[in-house]
Structures are given as C-alpha cells and as structure tokens.
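The values are calculated or read from the model by the stated rules, or taken from the named source; none is laboratory data. Bear in mind that the values here come from a model prediction, so they are computed numbers and not experimental data. Every residue, glycine among them, receives a Cβ derived from its backbone with ideal geometry; neighbour counts consider all protein chains shown. In case anyone asks, the SASA skips ligands and DNA or RNA and just uses the protein heavy atoms, side chains included. Shrake-Rupley method; radii C 1.70, N 1.55, O 1.52, S 1.80 Å.
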Amino acid sequence: MEELLAAHHIHKSFSGVPVLRDVGFTLRAGEVHALLGENGAGKSTLLKTLFGMHRPDSGTLSVGGREVHLTSPKDAEAQGIAMIHQELALIPELTVAQNVLLGNEGAQVLNYARMNARVTPFLEQVGLSVAPGTPVRRLTIAQQQMVEIARALARRARIIIMDEPTSSLTTHEIEQMYRVVRELTATGVGIIYVSHHFDEIEELADRVTVLRDGQHIGTVNKRDVTQEELVQMMVGRTLLAQGAPPDRERGDVRLAVSHLGRPGAFEDISLTVRAGEVVTLAGLIGAGRTEVLRAIYGADPVSAGQIELDGQSAPHPTPALMMRRGVGFIPEDRRHHGIVPDARVSVNMMLTSWAKGIASVRERDMARLVAPQMRQLGVRPNTPEQTIRRLSGGNQQKVILARWLAAGCGVLLIDEPTRGIDVASKADIYTLIDDLAAQGVAILMASSELPEVLRLSDRILVMREGRLAGELSRAQASEERILALATGANSHANDPALSA
Amino acid sequence: MQMTQPSAPNAGRAAMIERLREAGILAILILGAVAFSFTVPSFFSVDNAITGIGLSAAINTIVAIGLTYVIMTGGIDLSVGSTAALSAVIGADLMQRGLPPLVAILAALAVGAVAGLVNGLLITRVQLAPFIVTLGTMTFYRGLALSYTNGQPILSLPDSYKQSLGGTVLGLPIPLLAALALVAAFSLILKFTKTGQYILAIGGNAEAVRLSGINVDRFITLTYVISGVLAAFAALILIAQLGAAEPILGNGWELSAIAAAVVGGTSLSGGKGNVVGALLGALLLSMLQNVLTLLGVQAFYQLLATGLIIIGAMVIDRYTRGR
Amino acid sequence: MQMTQPSAPNAGRAAMIERLREAGILAILILGAVAFSFTVPSFFSVDNAITGIGLSAAINTIVAIGLTYVIMTGGIDLSVGSTAALSAVIGADLMQRGLPPLVAILAALAVGAVAGLVNGLLITRVQLAPFIVTLGTMTFYRGLALSYTNGQPILSLPDSYKQSLGGTVLGLPIPLLAALALVAAFSLILKFTKTGQYILAIGGNAEAVRLSGINVDRFITLTYVISGVLAAFAALILIAQLGAAEPILGNGWELSAIAAAVVGGTSLSGGKGNVVGALLGALLLSMLQNVLTLLGVQAFYQLLATGLIIIGAMVIDRYTRGR
Amino acid sequence: FSPDTEKSRIESSQLAAKFGPVPKPAAGVQFGGVMKALSNEYWQLLRAGYVKGGAKYGVKVDAQAPSNESDQIGQLSMMNTMLGKGYKALLVSPQSDVNLLPGIERAGKTSLVLNVNDAVAPTAQHFVGNSQYDNGVSVANHLLKTFPKGGQVAVIEGQAGVYAAKQRTLGFKTTLAKNAALKVVASVPADWDRQKAFTTARDLLRRYPNLTAFYCNNDTMALGVVEAVKASGRLGKTLVFGTDGINAAYDSIKKGELTGTVDSFPVLTGEVAVEVAVRLLAGQKLPRVVATPQALVMKGNLAQYEQFKK
Ligand SMILES: Nc1ncnc2c1ncn2[C@@H]1O[C@H](COP(=O)(O)OP(=O)(O)OP(=O)(O)O)[C@@H](O)[C@H]1O
Ligand SMILES: Nc1ncnc2c1ncn2[C@@H]1O[C@H](COP(=O)(O)OP(=O)(O)OP(=O)(O)O)[C@@H](O)[C@H]1O
Ligand SMILES: [Mg+2]
Ligand SMILES: [Mg+2]
C-alpha cells in the first residue's frame, strides 16, 4: 500500500524536558491509523509536529516518499495535510461557512451565497444541520466539533489528523463520524486518529501505534490484538473491567429544582438529587444539559423556577453564592470556562479552596492540598509550579476536577466528567465519583458517553429539545432506551418503562 | 438531521440583538437630536448639522475607522495624532515648495503609510506590545513633525488645495462626503473581502487563523498601515479647512477616535468591530460638543456634562441592548 | 505514578526566564546609569538622583502600581490624573479650613476611593467597557475639581503637612520611601495573598475564576478603588512638595503610568503583572528625561529621543528574554 | 503675589533711566531658561529673545522646555535637574502657578530665579513679563471705543483653569462690562487648539450670525477662528482678536484677516529678562516686577511694532 506519510526518529523536548523520544510513525493511503496513549504521553505533540506547528529537535518527515521540512501549518496544508485540533480552533465571530473555508475562500471579494453553497455538502456529510450562515459562537461545542471536521473535509486533504475528534460528541454524532471516516478512507485518504475510546478504535482503526511517556511502544494491526493487550501497551498493566455502579446509600434530598426555565434554552426542568446519589442528564447535542447545569450553579440567569438546597431555597443564585452553599461545578468547556491558562497548576487547583477559606496562599497549605490531589488523579507532569497551559488536555481536565475535590462540596455538578481523559485515569475517576457519593455528596452530571452514564448513574434523566423527556432508573437503563428517549423515537408502545 | 436542534430562530434572534446594538446608539443620536432641536436654539438646521457637527465628526470618523480596524485585531494605535501631524506638515511643506497639491497629497498619505508600517513591523516582527510601540512612535513622530518645521506652523496653503479638499459637492462639504464614503468602503471591506474577514478573525482567535495557514502578521501590519493612511487623510482634510498645517496638530486624536470606536460597539479586546458604529459614535460625540457650545455652557461645566453624557449614553445603550 | 517526568528543571527554568524579564529592564537601567555617569556631567550625584529623578519617579511609580493592578484584570484606568486633582483640591481645601492634616489626608484618600469605586461599579454592575467609563470620569472628575475650586489653585498648605509628606527620613525623601514601601507592599499582596492571586487569575480568564465560585466583580472593583486611592496618595505627596494644590494637576498621569507599567512587563491584555517592574519602568522613564535635560537636548529632539529609547528599551528587553 | 497689581513695579523701558547702563557680568556666566513648552511659537520667540539678550549682555543662555504644555511634574524635574548644572540665574516660565514652587525654593539658596511671564509662582521674588489681565483689557477697550452702540462678543478661552486663560478672560470681561450693550454671548474653552477653536467658532457663528467680535486667549486659536469666520462668509464683519503677537498673526493681520493681536513682544521680553538678571546679579535693587510692554497691534499700527519681531 502507498505510504502517505512517514516520520522517523522524532525527538522533541520542551525546555529541556523530552516529550517525544525517537518516535517513528507511518501512514498508508486508505487506512485509519490510531494513536493511543495516556494523557500526556505525547500524542498531541507528535501530531503538531506532523502538522508543522512544532519543529522536531531531530528526526525526519516525509510525505509521499519525499522528505519535507514543515515550518508552519501552511507548509503542511501545501503537502495535503489537514488537522482537527484537540482544543477547538474556530473563530467565534465568523459564520460556519467562513470558518470552514478560512484561508481557502478563493477570490478576494467574498460571495456569501457561493461560500454557503460550497460548504453545504460538507456540512451534510458530517450531518450538521445548522445554517452555514450561523456565527460559530452560537453553536454548542459538539456542533463546533462537527464544523472542524467539515473544515478538514473542505481542504480535500490526503492526510487528515484528528486529535480527539469525538471528545464532546454523543453516540449519534459519533456514528456520523464513522461514516465520514469510512467514506474518506474509501477514496484513499489516510487518517491519523487519536481517541481515548476503545470502541472507536475497535470500529475504525486498521493499525494502532501506542506511545508511552514519549516513547514508541509499538505499532500493531488492530486485528492482531485485543483491547487488553492495547491497554497493557499503553499503561504497562492491565485494568479492571468497567462494571456497574456500586449499591449506594441515599440520604435526604440535597438539591431540588422545580420548573426551571429560560426561553430558548430549556423549560420546566424539575429534578431532585439525594445525598449519595448520582443523577445523570443524558441527551443529544444541544438538548440543553449544559444550560441546565450552568443555570443551577447560577452561571447563567433563569427566568422561571426555583432551586432548593437541603430544603432551603436559593433565590438569585450566583456561582459565588452557590459555592458558599456547598455546590461545586465542573464545566464542559475547559479552555474557556475551566482553566486560567497562564496561571500555575497549583493556583488553578486552589482557586476554590482559597475562596472557601480552607487554604491560604502559603506554601505549606499548597503543599498539603495540591500534591496529594495531583498524585491521586495522576496529573502529569507532577509539577504544581508549571503553567497549566503547558499540560496536555487530559491533564488539564484532571486539575479542574481536583479543584473541587480539594475544596470539597455537598452537591457536585459535573458536565462531561471525563472529556479527554485516558482509559486508565477514567477508571480512577469513576472510582473517585463512587467515593464521593459514598461520602454523601449529591452528584448531578451530564454525560454524552453512554457507557459512562450506565456505569455511574443511579438515575438517568433524559433531555430532549430543552425538556425532560423521561427518567430511567438504574434497572431500566440501557443504551437503547436512553437513545430512544433522547431522539423521541416513538417506542412507547412496546416499552412501558419509557413514560415520562 | 432531526437530531440537532433547529438553530435558525436562535440565530435570527441573536442577529436582531446585534442590529439593536447599532440601533441603540442610533436611537440615542436621534432622540438627542430631536430633544436638542427643541431646546437648543439653532441646533436644528441643515447648516448646523452639516458644518457644525459634520466637520469634526468627519475627521474623528476617518481616524476612528482606522482605529476600529486596529482594535479589531486586539491592538491599539496611539500614534494617529502624531502621524497626522507629520503627514500634514510634510504635505504642506511640499505644497509650499511649489509641488502640485495632488503630489503633496500622495506624499502625505505615503508618510502616513510608512508611519503605520513602522508600527506594524515593530509589533509583528519584534513582537512588542502595540500600546508601547505606538506610545513610543506617538512621541517620536511628534518630535519628527516638530523638528521638521522647527515648531512653526506652515501657513498659506494654495487655494486650489483648500478648495479641493475643503470644498463642497452638491452643497455637501467634501470632508463629510469623504467620511461617509470611507465608512461605506471599510464597512464593505470588513464584510465582503477576505482581508476584512481575516482581520476580524485575527481578533477573535489569532492562533486559529495562523493554524489555517494565513499570514497573520501581514494582516496585523496592514491594519496599522490603514490607520496611518487614514490619519494622514484626516489631517489633509483638516489643514484644507484651517488653511495651515502645524506640527502640534492632532493632539488627543487617539482618545477621541478610540472613544468613537468603543461607543460605536467595537470591543477593545478585539474580535468585534463596527465601522458604521464608529461613525455613529463620532457623530454622538460631536453633537455633544456642538450642543454644549451652542448652549454656551461654561468651561468647567462642559467637562462635567461631557463626562456625564458619555457615560449616560453608554448606560442607555447597555440597557436598550438588554442583558 | 512512576511515569512522571523530571519536572523541576522545567519549572525552575520558567521561573528563571520570568526573573530575567525583570532583570532585563534592571540591566538596561543599570547599564544606562553607569554609561550616563561617565558621559553626562553631574548625572551621578545623590542630589540629582533624588531631586532630578526621584520625585517624578516616585509619583509615577505610585500611580503605576494602581494601574498595574487594574491592567492585570484586563481593565484600564484613564481617570487617575483627574482623581488625583479632585482628591488634592478637596484635601487642601479642608486643610485651609483649619482641619488637621491627618483628617484632610484621610478625606483625600477617601475621595480617591470613592472615585475608584464609581469606576468599578460602572464597569462591573452596569458592565460598561473600562476604557469608556474611565474616559468619562476622567473628564467628569476634572470638571468637579475645577468647579470645586472655581479653577483657582489652593495655596499655602500648613507647614506641618508639608513636612510630614514632603520631608525626609534618614536623609531620604519621604516620597521615595513611600513609593518603595508601596511597591514592596503591593508586590507582596500580589504574590502572597488570595486577593492578589485572584486579581491575576481574573486577568487570565475571568470566566473560569467566576465559575470557581469567586466574586469576580468585587475584586475587579477593588482594583479600581486601589487605583483611585493610590492616585490620591500620589497627589498628596505632590502637593506636599509643591505646598499648593491646583485643579489642573495630574494631567497626563495616566499615560506615564501606563507606560511605566507596560515597560515594566505588565501585559495590557491582562493576567500578567509586575509591581516591581512598574517601579523599574518609572525609574527608566524618569532617568531618560533627566539625562536628556542634563545633556541640554532640545525639546523636539527630546521627543525623538524619548520615543526611540522607549522602543529601544523594549526591543532590548525583548531580545534578552529570548524568543 | 500678583504682578498685575503689584506695587513694587517698573516698566522695562524705565530700567536704563533709573538704574543706569547694564553692568558687565563676569566672563563665562551662564543662565538657564526653563520654558513652558516649545510647541507654540510664542515660547520659541521668547527663547530667541533670551539668546539675543545673552549675546547683547555677554552671558550664555541655555533654554530648555518640557515636551508638552501640561507636564507639570516633568517641568519641575527639568528645573530640578537644571539646578544641578550651576547656572547663575534661572529664567523660568511655570506651567502653572504652583508646579515649580519646590524648585524655586531650592534655587533660592544657590541661584537667582526670575519668573518670566504667564503663570505666577507666588514665591517668585522677581517677575518679568506683561500683565495677562491687561491683555484682555486692551482688546475690551478697543471694542468699547469702536462699538459704543453695543454688539455681541464671544470669547474663545484657553485650557480651563490655566492662569493666562483665566486672567486674560477676566480682564476682558471685566472691562467690557462697562458698556452693558456690549454683551459676551459665549465664553467657551478651546484648549489652545486651532482645530477646536475652528469648530467652536463655526458653532457660535451659526448660533449668533451677527456676532461682532471674537476675543481669543491666544493667536493659534485666533487663526483657527479666522478660518471659521472666512468659511461663514463673515470676514470683515466679525472681528477676530488674538493674543501673543506671533509672526503668523502679523501675517494674517497684513492680509486683512485677523483684526488684531495683543502683542506682548516675546523677543523683547526675553531680552529684558536677561538684562534684569544681569542687573540683579550685579547687586542692583530692582523692584519685584519689571513690566514688559504690550500693545494691541492692528493693521493701522502694525508697521510701528514690526521692528521688535526679530
Ligand atoms: N508547549 C509546551 N511546553 C511545555 N511542555 C509541553 C508543551 N506542550 C506539551 N507539553 C508537555 O508534553 C507532554 C505531552 O503532551 P501532549 O499534549 O502531547 O499529550 P497527549 O498525549 O496529547 O495527552 P492528552 O491525551 O491529555 O491530550 C506533556 O507532559 C505536556 O505537559
Ligand atoms: N452561546 C449560545 N448562544 C445561543 N444559543 C446557544 C448557545 N449555547 C447553546 N445554545 C443553544 O442552547 C441549547 C442547549 O445547548 P447546551 O449546550 O445546553 O446543550 P447540551 O445538551 O449540553 O449539549 P452539548 O452536548 O452540546 O453540551 C441549544 O439549542 C444550543 O443551540
Ligand atoms: Mg492531546
Ligand atoms: Mg453539554
């Protein structure tokens, strides 16, 4: 098979710390080559090197058999390479069409009608039904991710690099993705695919390369290995299989929300969460889960409804008030709502503990709280003084989790708890959530990953188009039932459990 | 796909709110104008509107267009006033030495372009903060203008020149027409050209634009060149009116122009810009000055009133836009 | 985990680079001072250091500390000069009416605090752009100061007051000592208190800080109050030196203070601030002025030189920090 | 202390008569000039006067100026710096009444300080310059004489709160009040700025189309107003008066555009300042205020004053 891209003996270090050590990688026409590794293993760094964003310290790259020196993304594009970045790279003020075509608009004078027409097929191909003239700032993260994919398609690249393209997609869009990827590979495009989801690897990959700690552990044909073997390669040990949630003891109602609404976003949301219970909001993209969580936390205003904490009403909530009343919130969009990029890891982690008054800025307090959290969540590199910007995506997510673990809370709202987190850490985080619940924390979470929803939830509330479409107990829940409620597929007749 | 939410109504509402933002200032402008025409003698006359508010608004608008472009990329240009002075004295000097006005005009615009280019290159190539670069060149260009003329004004520009840029067409003064034409042009560039789109995009997420393979530095530099050329052009218009070019001309232009741009809805953190808004902002500020003068408000109270009205207008604007 | 990378050198290096940034300006300062003391007659004398450079640097430093705090949150305060004037004339007036200096000082500081509070509330509660709010209050407070005194200076402040803030301790002038003390205090606040950490973090990503459960508005408002109080304090020091207060005092302070802050390494886009840098920046700017005067450089060329040196210093700073 | 009303006062033209010829200073004596700014021609002419006077009386004069007119601490630092350079006398023109007070106090011990023109430091022991108040008076008197039947007059003020602007406006208004029919219909600031003066004058001309005259606090603004008057087609009908007597004002008067300017003879003032300093250093006991001449220059009398222009 034709070799589209080859990288040999790539070394890369940041400020003297090696991140890639003698890594080799090849991509063939028509294949999906998955790149696996723990958070911080160096996947994004390798991809950025292939895309001309980093220059390797040593090593060679060749495209189509010819050696190339990529000094910028522009060079990479000229070689027929496109990339979907782990952190979304869209321009909020521009429309979907403008973003998709950015840099490839053609003539100086823009013809919106033509641009819209040009991108429509790509939007259809990825199954995005927004008008091409919509400003991107108005899309949800998931929709934005689809725009990124459409953008790569529009470049008609021979090589497409996808860095966690599904990290905020729901099952349905992921299916869409599979279809797109298959269509592309059928035409000879080679795809480099990074994901922490083994089902995706299972579904798509032809070959798999595993990185561990910046080193090339091996490249294998997917057919030849089992999932366990891959995990073994990634983390150097085998992992416990994911099970069902443990039996939990539920206490009193901690959080009660009644008839919450905001026009255009969600309506008539009523729910309760008890101490020690994990309740999950499930649904499709744009169903309004994020909006509900933010509204409960007081991050956005509401126009109707009430929120009660431990039986006491919480009128006009703001994040500061809710925090003081013991509510925690982990946002979905870590880049814009989670991290303070230029601040140190320790500061990012301690913000809430400081506000709560359980820690001071003294080194002693920092050491007391920060180090154990970093160890427990396996944040790497284990350097509290590093600016968080330099951490890998998954590790940033862990720091945001740690922020609330350190501060402690009675009610925890989590939007997509494991976005971008590797398998090994994911298992750790599930255990952590179990522990929190066991300590009596009431947890309300939103998740787009159905296995995760099933693994963690005591009850599942399914949202559709801003309303609650139904509730499933742990016993009733299955992927099919959740999806049926989320899409509104008319299956009530043969499944009595699905009445709202 | 039935799976994603219908987004059209959503988008429509947001776009409407967007338009309301412009409309907010427009409403303040119109309401103010109506109120003043009942209370302030001679406020409501075509002549007052055109010559009284027009000229200073025209000059401020032209400078503010350039600043809008610069600010959209997340930058700032404090050197516009000094650039204006430098271009003006060089242009005027050339005319005094007998060169035809057209040549002098082109030379002055070229001076503005070079001044902007220097700013742009220092910002993009040497990667210095726009504020500090243009603070430095603000001082430097002013020094150049003063030493070029030895501090003296250049008087008695040729009449042909004064009539060209200072004259009227169909009864409308050329400065006003020029400002309107430039607003239209730069509005269209922003909306309908790649260049405009890139400039807007750079302010929104420069890194993403760079990742799209676009030469971000070139477009940032371009905005400073535009700002320099427009400052020079505003200066040319002003000296045609005043009949003299002086090296201290343009003092404080940067503040008024930034104010016009910001009042008009351009965000100082970049990524959002509105050329028509800059025009409305400039009109609002000039109307304010005009009314205070017509009312004969005393010096100290003028300051009080100006401050109050600027903030008042922004508060009204804020609440008409809604939360 | 056994996988963790050796991280100490990494963090250490970053911190070192950070320190280099301060060191860069410090190096420029020291090199400049050494060079000048050989080439410029009478540059190197205690007297010149204290009276020629010290006072203006002290005042500029104090104002720049406040602006550093404001700028760190991503804001700006153009009203410092007018706030200074307003506090100065009110304080001086109270003294003239026979109140004890201490009471007058406290009143003046309170005026500064209120002026800052108004800025802060307009910015956080009404959600207006800091630039436009403080542009408005810059004009408004100036108008207040002028109408309060009817434009007249307030002369002959009590000697006890002049000696208190204008005197010396151990031969060192109080303004200088006050500036150094404030630099130390606000540096420590930034590094070693929650408030300081929040203010820095807010500039980095206000939304993330808000969602961490912190009352962001309160801390933003606080920075404007600090800026107002420090402007008032700088004004008190100045009028103790002058022995008189006038309502036009403080003109242009905002620009010099912003310049000092930015030269000192504070980023106008927020999230990065350096109080010691503000001191170094103020010293650099004052030294520059001093040397140009000692050399007898003419006003126009002083402008040229000032512009060149500001940019030059930033370029050197840029390259010493490395890419 | 107000030079406009000070009792201990002498006209500069009387100096030679009262105190004899100017004594010869020791060789190598240097004077320092702390100017207000150099961006207005007025201050440049004053500086030329210093140099001319220096040449005439045998001293070297270094004059320096801060880079703008409202950098009060900058001017103070500049003066402090110059104090270290060993000048025998400092000729200072403060930006405000109070901004140079500490410098003046410090200088008291080592060198002589003359306050030259404009803002008045209350502690200044010697003042050379013209009366700012009288600047306004002379234009008002001219109007009183020319328009006994009355008319509408507008004042274009300098920057709010600045000494020269306050005094000139006050002198003008107080004097004009003698004839109630001559009304000041507007008195608005244009911050010494030509562009602002132009815009303001256009506004006023529209509101008061029959305006009799403008009185402007300086010539730069007056020349802006002239353009506005021209643009409104009222050249010759609305009179325009400036203050300072800069060259451009003379040119404009000759062309029949500017009606008049109150010339305070900056070059001459500079020479007198040097002369006064030389006399004081020689131990002569001069009155505290040495008043320099001023005159309302108009087309009719222009020739007689033009000789002082260089
Ligand atoms: N600009 C940088 N400066 C310093 N260190 C960096 C930088 N970028 C990445 N690193 C470090 O390089 C290592 C690899 O990061 P990378 O982003 O490649 O991980 P990843 O495999 O993509 O992880 P994830 O699954 O979490 O996205 C991490 O330890 C990270 O901290
Ligand atoms: N910034 C915005 N401006 C306008 N509408 C928005 C914005 N963000 C979200 N929406 C709309 O609000 C609705 C709910 O979005 P939300 O992000 O809450 O969905 P979600 O269920 O959390 O889905 P996701 O999986 O995408 O997070 C959608 O119709 C979406 O288009
Ligand atoms: Mg990654
Ligand atoms: Mg969501």
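For C:Ile248, the requirement of being among the aliphatic types (A, V, I, L, M), more than 7 Å from every other protein chain (Cβ to nearest Cβ) and touching a Leu at 6+ places or on another chain (Cβ under 9 Å) is not met. For the stretch A:24-35, the criterion of being outside any strand (DSSP E or B), closer than 27 Å to A:Ser168 by Cβ and touching a residue at least 40 places away in the same chain (Cβ under 8 Å) is satisfied by at least one residue. Within the stretch D:13-44, being within 15 Å of D:Val116 (Cα to Cα) and open to solvent by 20 Å² or more (accessible area, probe 1.4 Å) holds for one residue alone: D:Gln44. Counted as qualifying within the stretch A:40-106 are the helices (runs of 4 or more DSSP H) with 1 or more residues that are away from ligand 2 (no atom under 16 Å from the Cβ), assigned by the TED database to the domain that holds A:Gly16 and over 21 Å from B:Asn205 (Cβ atoms), namely A:43-50, A:73-78.
The set of residues in the stretch B:266-303 being surrounded by fewer than 24 Cβ atoms within 10 Å (Cβ to Cβ) and farther than 30 Å from D:Val153 by Cβ consists of B:Ser267, B:Leu268, B:Ser269, B:Gly270, B:Gly271, B:Lys272, B:Asn274, B:Val276. Just to be sure, is B:Ser256 of a type in the set (Ser, Thr, Tyr) and either within 13 Å of chain D (Cβ to nearest Cβ) or touching a Lys or Arg at 6+ places or on another chain (Cβ under 8 Å) (or both)? When the stated conditions are applied, B:Ser256 passes them. If A:Ala299 passes every condition in (1) away from ligand 4 (no atom under 16 Å from the Cβ); (2) outside the structural domain of A:Leu35 (by the TED database) but one, which one does it miss? Only one criterion in (1) away from ligand 4 (no atom under 16 Å from the Cβ); (2) outside the structural domain of A:Leu35 (by the TED database) is unmet by A:Ala299, namely (1). Among the residues making up the stretch D:32-79, those that are within 11 Å of chain C (Cβ to nearest Cβ), part of a helix (DSSP H, G or I) and either touching an Asp or Glu at 6+ places or on another chain (Cβ under 6 Å) or closer than 16 Å to C:Gln298 by Cα (or both) are D:Trp43, D:Gln44, D:Arg47, D:Gly74, D:Gln75, D:Ser77, D:Met78, D:Met79. One residue alone among A:Val279, A:Val302 is within 16 Å of ligand 2 (Cβ to nearest atom), open to solvent by 10 Å² or more (accessible area, probe 1.4 Å) and either of a type outside the set (Ser, Thr, Tyr) or modelled with pLDDT of 90 or more (or both), and that residue is A:Val302. Any idea which residue in the stretch A:265-276 is surrounded by the most Cβ atoms within 10 Å (Cβ to Cβ), counting only those that are within 15 Å of ligand 2 (Cβ to nearest atom) and part of a strand (DSSP E or B)? It comes out as A:Ile269. None of B:Leu122, B:Leu128, B:Leu86, B:Leu135 is hydrophobic (A, V, I, L, M, F, W, C), within 14 Å of chain C (Cβ to nearest Cβ), farther than 29 Å from B:Lys191 by Cβ and in a loop (DSSP other than H, G, I, E, B) except B:Leu128.
Return yes when B:Leu308 is over 30 Å from A:Ala152 (Cβ atoms), part of a helix (DSSP H, G or I) and facing another protein chain (nearest Cβ under 7 Å) and no when it is not. For B:Leu308, the condition - over 30 Å from A:Ala152 (Cβ atoms), part of a helix (DSSP H, G or I) and facing another protein chain (nearest Cβ under 7 Å) - is met. Within the stretch B:101-127, residues that are within 20 Å of B:Thr223 (Cβ to Cβ) have Cβ atoms under 6 Å from residues that are of a type in the set (Asp, Glu) and open to solvent by 30 Å² or more (accessible area, probe 1.4 Å) in these pairs: B:Thr124/B:Asp217, counting only partners at least 6 apart in sequence or on another chain.
Restricting attention to the stretch A:117-132 and to residues that are open to solvent by less than 40 Å² (accessible area, probe 1.4 Å) and either on the phi < 0 side of the Ramachandran plot or not assigned by the TED database to the domain that holds A:Val96 (or both), the residue that is nearest to ligand 2 (Cβ to nearest atom) turns out to be A:Val130.
Per-residue answers, yes or no, for (1) away from ligand 4 (no atom under 16 Å from the Cβ); (2) part of a strand (DSSP E or B); (3) within 24 Å of A:Ala314 (Cβ to Cβ); (4) of a type in the set (S, T, N, Q):
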{"residue": "A:Pro384", "(1), (2), (3), (4)": "yes, no, no, no"}
{"residue": "A:Gln397", "(1), (2), (3), (4)": "no, no, no, yes"}
{"residue": "A:Ala402", "(1), (2), (3), (4)": "yes, no, no, no"}
{"residue": "A:Cys409", "(1), (2), (3), (4)": "yes, no, yes, no"}
{"residue": "A:Pro417", "(1), (2), (3), (4)": "no, no, yes, no"}
{"residue": "A:Gly420", "(1), (2), (3), (4)": "no, no, no, no"}
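As for the stretch A:76-90, it holds no residue that is within 19 Å of A:Gly218 (Cα to Cα), more than 14 Å from ligand 3 (Cβ to nearest atom) and of a type in the set (A, V, I, L, M). Scanning the stretch A:288-324 for residues that are in a loop (DSSP other than H, G, I, E, B) and free of Cβ contacts under 8 Å to residues at least 60 places away in the same chain yields A:Gly298, A:Ala299, A:Asp300, A:Pro301, A:Val302, A:Ser303, A:Gly311, A:Ala314, A:Pro315, A:His316, A:Pro317, A:Thr318. Can you say whether D:Val225 is more than 8 Å from chain B (Cβ to nearest Cβ) and either aliphatic (A, V, I, L, M) or within 16 Å of the chain's Cα centre (by Cα) (or both), as far as the supplied structure shows? Judged against the criteria, D:Val225 is a match.
Scanning the stretch A:141-162 for residues that are within 16 Å of ligand 4 (Cβ to nearest atom), at the interface with chain B (Cβ under 9 Å from one of its Cβ atoms) and of a type outside the set (A, V, I, L, M, F, W, C) gives a single hit, A:Gln143. Listed here are the strands (runs of 3 or more DSSP E) enclosed by the stretch A:428-484 that have at least 3 residues being open to solvent by 20 Å² or more (accessible area, probe 1.4 Å): A:467-473.
Each residue in the stretch A:53-94 was checked for being more than 16 Å from ligand 4 (Cβ to nearest atom), within 9 Å of another protein chain (Cβ to nearest Cβ) and not acidic (Asp, Glu), and 13 of them qualify. Can you tell me how many residues within the stretch A:401-418 are closer than 19 Å to A:Ala142 by Cβ and either among the β-branched types (Val, Ile, Thr) or surrounded by fewer than 23 Cβ atoms within 10 Å (Cβ to Cβ) (or both)? Number of matching residues: 2.
Here A:Val19 meets the list (1) more than 16 Å from ligand 3 (Cβ to nearest atom); (2) part of a strand (DSSP E or B) almost entirely, failing just condition (1).
Going residue by residue through the stretch B:180-193, is there one that turns out to be within 30 Å of A:Phe51 (Cβ to Cβ), of a type in the set (Lys, Arg) and within 11 Å of chain A (Cβ to nearest Cβ)? No: the stretch B:180-193 contains no residue that is within 30 Å of A:Phe51 (Cβ to Cβ), of a type in the set (Lys, Arg) and within 11 Å of chain A (Cβ to nearest Cβ).
Quick grid of which residues meet (1) more than 21 Å from A:Thr185 (Cβ to Cβ); (2) touching an Asp or Glu at 6+ places or on another chain (Cβ under 7 Å); (3) of a type in the set (A, V, I, L, M, F, W, C):
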position	(1), (2), (3)
A:Asp57	yes, no, no
A:His69	yes, no, no
A:Pro73	yes, no, no
A:Gly80	no, no, no
A:Ala113	yes, no, yes
A:Arg118	yes, no, no
A:Ala152	no, no, yes
A:Arg158	no, no, no
A:Ile161	no, no, yes
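Exactly one residue out of A:His316, A:His336 is within 13 Å of ligand 2 (Cβ to nearest atom) and either under 30 Å from A:Glu175 (Cβ atoms) or not hydrophobic (A, V, I, L, M, F, W, C) (or both), and it is A:His336.
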